[in-house]
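All remarks here apply to the structure that follows.
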Protein chains: 2
Amino acid sequence: MVNPAPPSDDPARHTAKADASRPLPPGFEPSRFATVLGELASIVGEDNVRRGEAVDPYDDPFVPAADPRAFAASAAVLPANVDEIRAILRVANGARLPLWTVSTGRNFAYGGAAPRLSGSVVLDLQRMNRVLDVNESLAYALVEPGVSYYDLYAALRQRNSALWVDPPAAGWGSVIGNTLERGFGYTPYGDHAATQCGMEVVLANGDVVRTGMGGIDTGTAWQLFRPGYGPSFDPMFMQSNYGIVTKMGVWLMPAPPAYLLGEIQFAREDDLGVIVDTLRALQLGGTIRHHAVIEGAIRRAASITPRARWYDGAGPMPESAVEAIQRDLGVGRWNLHYALYGERAVIDAQRRVVERAFAAVPGVRFAAKRYAANEVPQGGGDRNLAGIPTMTAFRMLDWLGGPGAHVDFSPLCPAAGADALRQYALVKARAAEYGFDYYGGFTAGGRHLHHVFAAIFARGNPDAAARAGDLLRALMSDARAAGYGVYRSHLLYMDYAAAQYGFNDGASLRLAETVKDALDPNGVLSPGKQGIWPRRWRAQRGYT
Amino acid sequence: MVNPAPPSDDPARHTAKADASRPLPPGFEPSRFATVLGELASIVGEDNVRRGEAVDPYDDPFVPAADPRAFAASAAVLPANVDEIRAILRVANGARLPLWTVSTGRNFAYGGAAPRLSGSVVLDLQRMNRVLDVNESLAYALVEPGVSYYDLYAALRQRNSALWVDPPAAGWGSVIGNTLERGFGYTPYGDHAATQCGMEVVLANGDVVRTGMGGIDTGTAWQLFRPGYGPSFDPMFMQSNYGIVTKMGVWLMPAPPAYLLGEIQFAREDDLGVIVDTLRALQLGGTIRHHAVIEGAIRRAASITPRARWYDGAGPMPESAVEAIQRDLGVGRWNLHYALYGERAVIDAQRRVVERAFAAVPGVRFAAKRYAANEVPQGGGDRNLAGIPTMTAFRMLDWLGGPGAHVDFSPLCPAAGADALRQYALVKARAAEYGFDYYGGFTAGGRHLHHVFAAIFARGNPDAAARAGDLLRALMSDARAAGYGVYRSHLLYMDYAAAQYGFNDGASLRLAETVKDALDPNGVLSPGKQGIWPRRWRAQRGYT
């Protein structure tokens, strides 16, 4: 299983050449660190320990701070299997060495492969890249952390499977990595945390646990029923640092007999409210069963044209330019992308329900195309909706001309028109104040929306990066004041984001850290991830 | 909010009058226990501490063991609010007093309100029975543990809500209690663990946590997005003893514009295979979106007639009697109950898809009725499918004539015809060996089935009860040998069931107990629940 060639805009290629010096793990002398790396090399082989310049690719090329090395690994180690991971953990526990686990490290916009605690050693699982099982009739796969969406897609095509994957925006990401970060895609299987079933986890003490029905070691239901018997732990291993996930089940959607991809364009900025309220009813009623996306005009335009065609002055794009985009490209101020999957007759009936629901909005425009099971759409975004991984989301990096970077502000939004309008107004105004366009949209999950705003800036420009970071912090503060919290954050603000969840003086973080100390008493696994610090490193917390 | 009058077959009414002596908590002297109960009374008031005979209703009337007091509480305490719970926990931690938390204690067939560790004090939350919030547009409620499905249904009707509840088989159960035990219902919201969103939990140390978005204390998304930021803990509080859930969000289904209830009858025993395989495809394809039920002939007949009409000899009902049931009542050997919810035109198209899928099965018979939004069906099972709580499932208690009891064997089954046939054959044969009818069915959840077999026996008959318990143990052992595990179990076999999940020498239970010791170092919360014992009581474990 091989990843496709990286897209030409692979951010790693643009990373400025850095000097060879890397930070040491906190509290380590060079000689002691050399000894520990030697021990790791004796486990995984010298080729699979990265030192010096070879660690540069683990830096975050999109870091929203003036210092491009604000979060820097000391080294990286790439195990081949669970036994090697257990041996690495023995070394790490003995030496009190902080590790930072990544599946493949494609967590761009939130830190990439870089660690929260500078000097951590990246534990990179990309070599563990087998598709261990595909069950065609029960519609699931069992994968290792190094398996990307491209890999899984290729494995399915190779065996002429009739199962789809649900790719996230960037198809090169790890299936496990994306799921553990609670990433999402676009088909009815778009809630990746909800379509995961069964994990194998190596705990900090080296114990290997299989969750749910995986406890029945001769069983066949590990990938079929998540909870098993007793408490269910899978969601506790997401966005956390409680263990190293080495295998995961993922449900796959059987290819539908037919499907329809539709776009509905809305003319006015404040149509957002009625879009959200109408879409919610369609989702809760079961007509629209997938993650539909409400895309702003600028993001819609970025998939077609460069920014300079519309505006190349300083500061955010003026209203007149957005109007020109709408007029000249024939796109909406808001563009709703939806899909229907199933039998033709059912789809046709559902399409009428959808169009009837939006028909009263002044200036609404409908477009839709129905595909047979064996037809595939050509556009990248549309291909995602048909279960085909793409990298077209990375076009946003070209928006400013020249190599770009982005960091994402991702507040959770109630699926209510009034809330969506409020968050939109808040983000747009604050972004403009800091000189950024509103480059955003909403992904609809029934009762909630993932509001994702990307602050796009020129890569390698410390001023722009710092400005993006400042904007991010201001947005989090604004959101909190309005009663909203983010579902994910960049390394830079993991502590700050966690602190917003302050009910009862931070009871949820207290619970998280109690569990952390019980499972990882030496604090070796990903200290600081999502604001959870083991006792040993708790003084490192900072609400930057 | 008042519960309806208990149904006439309220098992509590049939509990044999027991002597006034109750066990003491392990390690307690009578005088010390009296002191502790006095302290509890000073918190909740004397009326809300139950002693002596007043504790009898907490016994399990269905206990599958010769000793009707195999699991007996020492006392019960009924707090009115979170502050009282915290005060009770202070006393329990100080005295090392084991508590056994129940929402309302309707966990019949699995132990009712009785504790795993005899002598525990039942912490009964039934007085906390407020419906705290109903959000009509975002379609959820926030409830306390004492709210039953009847209560919630009544609260919704009272405010002319267009939201449905999803009742489990017995509508008198607590919404929170049923969800925490991973109970299920029949509508598209039938997976109660999956339609729960947001909890307030009091930990053993008295700390009050709100999970997920509940950490944003001025927020509005607590009931809209379960994970929040960082690890998600809600599923860890299910089937466990890690905390006391005092509030929970529950998603509610908007009443559909129309719905259709269908029954498909199949003539032959081995049709089960094709039913399961076909139903799985319909569920994974999104045509059938709810928990459809495949009901055996005997269970189907029990909702219409008493057993004696067909057979009143000893031992299991012979094949000829089952054939008579099929012929005389016009029911199938297997009966598939399914429903479609939505717009009329969509339902009609989906019904054709369903009937086409099963049309090739020899002897298949279809029946279906479509309802408008404001119409309600009359039969109990059908009412459950329309979101109306009932107690008709308790008719099974009359199957043998005279007051009955049942214990359930609930193996998880892959949604594959071959597995369903295998489990059915296994259970039917072993049940017959112990003199029980195959009284069972399968509830379909996409990739898995909940296979539920009820061993029905005469209440108050120690021999019959012991025989049911022996059967249960034999079935668990058979299932394990075939690679299956149960998703739930009676108190009697909680340890045995947990031990079946033996991968890596019981790693999942080791993880569960590590978390337990971290969160409840004094072991005061529900020792032994689902096989999880705190360090203090670990010697009590027994694979009976």
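Accessible area ranking (1.4 Å probe, heavy atoms, ligands and nucleic acids excluded), largest first, for A:E136, B:E144: A:E136, B:E144. Residue of chain A with the Cβ closest to the rotation axis carrying A onto B, and that distance rounded to whole Å: A:A518, 2.
Taking the DSSP beta bridges with both ends in chain B, the antiparallel portion is around 90 percent.
Kindly work out what percent of the DSSP beta bridges joining two residues of the range B:79-182 are antiparallel, to the nearest 5. Bridges in the range B:79-182 are about 55 percent antiparallel.
With the cut-off at 22 Å, report for the range A:321-439 the share of all Cα pairs above it, as a whole percent. Taking all Cα-Cα pairs of the range A:321-439, the fraction more than 22 Å apart is 55 percent.
Given +1 on the Cβ of Lys and Arg, -1 on the Cβ of Asp and Glu, and no further charges, what dipole in debye does chain A carry about its Cα centre, rounded to the nearest 20? Walk me through the numbers before you get to the answer.
Details: 54 positive and 54 negative charges, 97 e Å.
Computed charge dipole of chain A: roughly 460 debye.
Surface burial for B against A, with a 1.4 Å probe and both sides summed, reaches about 6900 Å² of accessible area. Solvent-accessible surface (1.4 Å probe) assigned to B:I275 amounts to roughly 0 Å². Largest first and in whole Å, the equivalent-ellipsoid semi-axes of the range B:434-504 read 22, 17, 10, each the square root of five times a Cα gyration tensor eigenvalue. Accessible surface of B:R467, taken over heavy atoms with a 1.4 Å probe and every protein chain present, rounds to 100 Å².
Counting only alpha carbon atoms, the long axis of helix A:272-284 and the longest principal axis of chain A meet at about 70°. Solvent-accessible surface of chain B, averaged per residue with a 1.4 angstrom probe and all protein chains in place: 33 square angstrom.
Count charges around B:D234 for me, please; just the other residues with Cβ under 13 Å from its Cβ, Lys/Arg as +1, Asp/Glu as -1. Provide the component values of the computation, followed by the final result.
Details: positive: A:R226, B:R182, B:R210, B:R226, B:K247; negative: A:D234, B:E200.
Neighbourhood net charge equals +3.
Spin-label model, A:R32/A:S477: points 7 Å from Cα along the beta carbon direction are separated by 3.8 nm. Mean per-residue shielding of peptide B:207-214 is 6, counting Cβ atoms of other chains within 10 Å of each Cβ. Figure note: A:F266, A:F366 ranked by solvent-accessible area, largest first, 1.4 Å probe, ligands and nucleic acids not counted: A:F366, A:F266.
Can you tally the net charge around A:L163? Count Lys and Arg as +1, Asp and Glu as -1, for every other residue whose Cβ sits under 15 Å from the Cβ of A:L163. Intermediate results must be reported in sequence, preceding the final value.
On the way: positive: A:R157, A:R159, B:R280, B:R447; negative: A:D133, A:E136, A:D151, A:D166.
So the environment of A:L163 carries a net charge of 0.
As a length-normalised measure over Cα pairs under 8 Å and 6 or more apart, the relative contact order of the range B:447-544 settles at 22 percent. For the range A:47-138, DSSP calls about 20 percent of its internal beta bridges antiparallel.
Leaving ligands, DNA and RNA out of it, rank A:R365, A:R430 by accessible area with a 1.4 Å probe, largest first.
Details: A:R365 120, A:R430 70 Å².
Largest accessible area first, the list is A:R365, A:R430.
Rolling a 1.4 Å probe over the protein heavy atoms of chain A, with every protein chain left in place, gives an accessible area that is 50 percent carbon and sulfur.
Compared with the dominant principal axis of the Cα atoms in chain B, helix B:82-95 is inclined by about 60°. Shielding by partners for peptide A:280-292, expressed as the average number of C-beta atoms from other protein chains within 10 Å of each residue's C-beta, is 3.
What is the mean number of Cβ atoms from other protein chains located within 10 Å of the Cβ atom of each residue in peptide A:492-505, rounded to a whole number? Partner Cβ neighbours, averaged per residue: 4.
Helix A:149-158 and the long axis of chain A differ in direction by around 80°, with both axes built from C-alpha atoms.
Between A:N504 and B:A429, the FRET efficiency estimated from the beta carbon spacing at R0 = 45 angstrom works out to 0.25. On the full set of protein chains, 1.4 Å probe, figure out the accessible area of A:V346 and give it in Å² to the nearest 10. Surface accessible to solvent at A:V346 totals approximately 10 Å². Can you give me the Cα centroid spacing of the range B:20-67 and the range B:348-415 in angstrom? Going from one Cα centre to the other spans 40 Å.
Defining a contact as two alpha carbons under 8 Å apart and six or more residues distant in sequence, what relative contact order in percent does chain A show? Could the numbers behind the result be given before it?
Working: 1188 pairs, mean separation 88.7, N = 544.
Worked out over chain A, it gives 16 percent.
Just want the answer: with Cβ charges of +1 for Lys and Arg and -1 for Asp and Glu, which residue in A:T101, A:L89, A:V121 is farthest toward the dipole's positive end in the range A:19-140? Checked the options; the winner is A:L89. Taking 0.36 nm per residue of separation and subtracting the current Cα-Cα distance, fully stretching the chain between A:T305 and A:A418 would add 37.6 nm. Taken as Cα centroids, the range A:205-281 and the range B:126-195 sit 24 Å apart, rounded to the nearest whole angstrom.
The values are calculated or read from the model by the stated rules, or taken from the named source; none is laboratory data. Please read all numbers here as calculations on a predicted model, not as lab measurements. FYI the Cβ positions are ideal-geometry reconstructions off the backbone, even for glycines, and counts take in every protein chain you see. Quick note on the areas: whole protein, heavy atoms, side chains included, nothing else; ligands and nucleic acids left out. Shrake-Rupley method; radii C 1.70, N 1.55, O 1.52, S 1.80 Å.
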